[in-house]
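Since the structure comes first, as structure tokens, the remarks are kept for the end.
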Amino acid sequence: MRRFWVIAGWEFKRYLRSRSFLLSTFISPIIFAGLIFIPAMYYENSQTSQDQVIGCVEFDTTSYCQLISERLTGNIDLRDSNAPRILLEPIVPDTTAQLRDDFRNLLVAQHRLDSLDEAYNKVKERRKYHFQRSDSPTKTQLLSKSYEEMISTRELRDLAEIEYSRLQSKVDTMVEKAVLGKADSLLQVKRISGYLRIDPGTFQQGVVEFHSEQPINFLRLQPLEQVLQGILVEERMRGEGITVNKIQELLQPIMIQELLLEGSQKHEFKFMVTYLAPVIAILFLFVGIFTSSGFLFRSIVDEKSERVVESLLSSASSFQLVGGKIFGLGLLGLFQVLIWMSMAGLLILINLIPVKDIILLTFENAGLFLLYFLLGYLLFAAIYAGTASVSVNRHDAFQLGQMVRILSLFPLALAILVLLSPNSMLVRFLSFVPFLSPTFMLLRTPLGQPPLLDYYISIGVMLVFIILAVLFAGKIYRAASLIYRKRPSLKSILEYIHFS
Amino acid sequence: MHLKADHLIKALEGKTVVSDLSFEARAGYILGILGPDGAGKTTILRILVDIFRPDSGAVFYEDQPMNRKIRNAIGYLPEERGLYGEYSVNRNLVYFARLKNLSRKKAQVEAVRLMDRFNIIEQMDMPVALLSEEDRQKVQIMCAIIHNPDLLILDEPFAAMHPNNQTLVRKLVQHFKDEGKTIILATRALNEAETVCDEVLLIDQGRAVLQDNLKKIKEKFRESLIYVEAAEELQSLQDIFGVKRMIQDEHSARLFIDNQVATQKILDIIIRSVNVNKIEVHRPNLNDIFLEVLHNGHQKGKA
């Protein structure tokens, strides 16, 4: 037993001072902190500096742009006040000399049309007057004269109306062209991210054109879409004769606040902390497991490559050697995890981690983390020990190690299943697969609160596999660690194991 | 420590490497396990230090099977030697001493004592990887003996050794012998072994072909030997009067001579009979004996 402790102590001290241990212990938290804070900072930044300016172009309607703008501003108060804003900018055309002339002509034509309209109406009124005075001797004459005057005035008015329509159409075309041209140029110089085009058909058909140079994150446009939807519904309701007050009452916005039941207490569900915290915990679990089991792999490969292993085997049994290594490096891994926990404790003390929001951060879960860390480490350590033993040199070991590393990526790749449905049958079943158990169970704990039975089964299955894997690894180590020149075949390993 | 190997059999990858081998090693004697490459020497030593378990048969140390106490009393210098290159001489020595059950304090004391004795004390804190090859070999030898073993097992102790270290090993082996310890060394260098060993176990293909006290073996094979090299067929030399046996290769032959017949006379006949490139007369060394034993074995096999 003394040799076991000597070997464990040697391995512990050997890697405790290694650069890779120090890096993985103190750099990993910085990387993970970066994983949390960089998106958060980006999010924060995007709220202030990335307010979106969107243009609004309106044809043949009035005040919709204004209305949308007011609604957008009003909704910010209802939502998170720090959310990125959409600023709506109505776009008016720049007045050119040609447009000014055409406007003037249009006004003149309108004035003329109004005058002729008025004159026509006056003639009509006069005729009505003459007609009603039936006793006048000049009645017939007056009616005949006024008739000619009315026909002549109407003809002039019709001609003026045609001219006005022509000019109106010309101006409309020019204005549309000028407005759209200006909107496009604002888009090109990035003054606006895009612009809305609103015309009378917009609310009838329920389609609003959004012009932009590049696709825009649809999530960013969601508030705008909501406002337009609101206005459209209002318009339709108004069309149905519902009063404005009733409309406002009916359209009162709602917000969903999710509460999660945990034991007898309920906690508010926050996506970022609920999902991100366990994912970060899993990343720490992985770094912990693979730092220590990686050291074990390196230790065995180094001793084999440096030809130390035969001297060691003459002094200690293969089980003492492999067991001592696994134990010593397991202690190192545990030490690393405790350092991380202490760091987390420190951050909680100085209120840098919102412990109340992260339901994962409890003493029970810390214990669970340690337990699954140890089980995961022991399993992968045994796999790594066996793999390292059969390698011929460092290059060969690297290739074999890659295969184990690929295997180790499965839990991370499949973690999305837990995030989507933490208590589905598939996830429950996969939780009992030994090399998936630590990740799945630790992810399920805050997300799905699995039944106690699931913990017992996953731990039980893992323990059985670990015992088998450690025994097998010890035998492989004994059999294959002295084969230096060629990678032993499976047959020869099995033969060695059988006789050893 | 008295060691007894009893009917050892070991197969590796379907091939019998050690075949029904029995031998003894006594305290105060040096046993040489000798044979060519692939004869099974390393496998035998690995069985003796309990790295391999025999498929059948057993090894007894002072009439006991391997146990913790015995393991601590064995010093082993393997053929494939290595150390923790990134660690200092002192740290390597202390670790190996601790693995042999020495307390931390005792391990440190013994490490310093050995480093002083082997004149390497000034490099005690230097990483092993930075040492010269000669010094590195010294540290390897020191790791094997730091716990003052009762049974010292050396695998190819002269192979790839610096000449100074070869002398060191010879002295060390003699010192252990003088202290009444048991020494077993395996080597393919038969001539080296001849100068060191008291008892010899000659093996070929895992089988013992000759096993005795070296003096007795020499006594047994005491007739003179003429070694001849020529570019032509040497078969006719076997018929020369006074030649008892001949072992022939393609262009060389070993002629064992009847001591009653004058050697000079035989030499004259040989020189007259064939166009000799090289000819020498000497007492048979272990190499010659090994070849003769193998030859006889093959002849018997054919018969």
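Take the residues of the range B:250-282 that are without any contact (Cβ under 8 Å) to a residue 40 or more places away in the chain and of a type in the set (Asp, Glu): which is farthest from B:Ser236 (Cα to Cα)? Out of the qualifying residues, it is B:Asp258. When the range B:1-36 is filtered for residues that are among the charged types (D, E, K, R) and away from chain A (no Cβ under 13 Å), the ones remaining, listed by number, are B:Lys4, B:Asp6, B:Asp20, B:Glu24, B:Arg26. Within the range B:171-201, being touching a strand residue (DSSP E or B) at 6+ places or on another chain (Cβ under 8 Å) and assigned to a loop (DSSP other than H, G, I, E, B) holds for B:Lys181, B:Arg188, B:Cys197, B:Asp198.
Residues of the range A:41-56 that are out of contact with any Cys (no Cβ under 8 Å at 6 or more places or on another chain) and at pLDDT 65 or above: A:Met41, A:Tyr42, A:Asp51, A:Gln52, A:Val53, A:Ile54, A:Gly55. Within the range B:143-170, restricting attention to residues that are among the aliphatic types (A, V, I, L, M) and in a helix (DSSP H, G or I), which residue is farthest from the other protein chains (Cβ to nearest Cβ)? Among them, the one singled out is B:Leu168. The residue that is nearest to A:Asp117 (Cα to Cα), counting only those in the range A:192-215 that are in contact (Cβ under 8 Å) with a residue 60 or more places away in the chain and either among the aliphatic types (A, V, I, L, M) or loosely packed, with under 14 Cβ neighbours inside 10 Å (or both), is A:Pro200.
Specify the residue that is modelled with the lowest pLDDT; the eligible residues are those in the range B:94-119 that are surrounded by fewer than 19 Cβ atoms within 10 Å (Cβ to Cβ) and among the hydrophobic types (A, V, I, L, M, F, W, C). By that ranking, first place goes to B:Phe118.
Checking the structure you have, find out if any residue of the range A:254-264 is of a type outside the set (Lys, Arg) and either at pLDDT 80 or above or over 28 Å from the mean Cα position of the chain (by Cα) (or both).
Residues of the range A:254-264 of a type outside the set (Lys, Arg): A:254-264.
Narrowing further to those that are either at pLDDT 80 or above or over 28 Å from the mean Cα position of the chain (by Cα) (or both): A:263-264.
Yes, the conditions are met somewhere in the range A:254-264.
Consider the range B:53-95 and keep the residues that are among the hydroxyl-bearing types (Ser, Thr, Tyr), in contact with a Phe, Trp or Tyr (Cβ under 9 Å, 6 or more places away or on another chain) and touching a residue at least 40 places away in the same chain (Cβ under 8 Å). The one that is nearest to B:Thr16 (Cα to Cα) is B:Tyr84. Quick check: anything in the range B:82-93 closer than 19 Å to A:Ser317 by Cβ, at pLDDT 90 or above and facing chain A (nearest Cβ under 8 Å)? The answer is no, given that none of the residues of the range B:82-93 is closer than 19 Å to A:Ser317 by Cβ, at pLDDT 90 or above and facing chain A (nearest Cβ under 8 Å). A single entry from B:Glu122, B:Glu134 fulfils the requirement of being more than 14 Å from every other protein chain (Cβ to nearest Cβ), in contact with a His (Cβ under 9 Å, 6 or more places away or on another chain) and not hydroxyl-bearing (Ser, Thr, Tyr): B:Glu134.
Would it be correct to say that B:Val243 is buried (at least 17 other Cβ atoms within 10 Å of the Cβ) and more than 23 Å from B:Tyr29 (Cα to Cα)? Break it down stepwise before answering.
Values: buried (at least 17 other Cβ atoms within 10 Å of the Cβ): yes; more than 23 Å from B:Tyr29 (Cα to Cα): yes.
So B:Val243 fits the description; yes.
Residues in the range A:294-326 that are crowded, with 21+ Cβ neighbours inside 10 Å, more than 21 Å from A:Leu471 (Cβ to Cβ) and within 7 Å of chain B (Cβ to nearest Cβ): A:Val308, A:Glu310, A:Ser311, A:Ser314, A:Ser315.
The values are calculated or read from the model by the stated rules, or taken from the named source; none is laboratory data. In this text, all values refer to a predicted model and were calculated from it rather than measured experimentally. Virtual Cβ from ideal backbone geometry, glycine too; neighbours counted across all protein chains shown.
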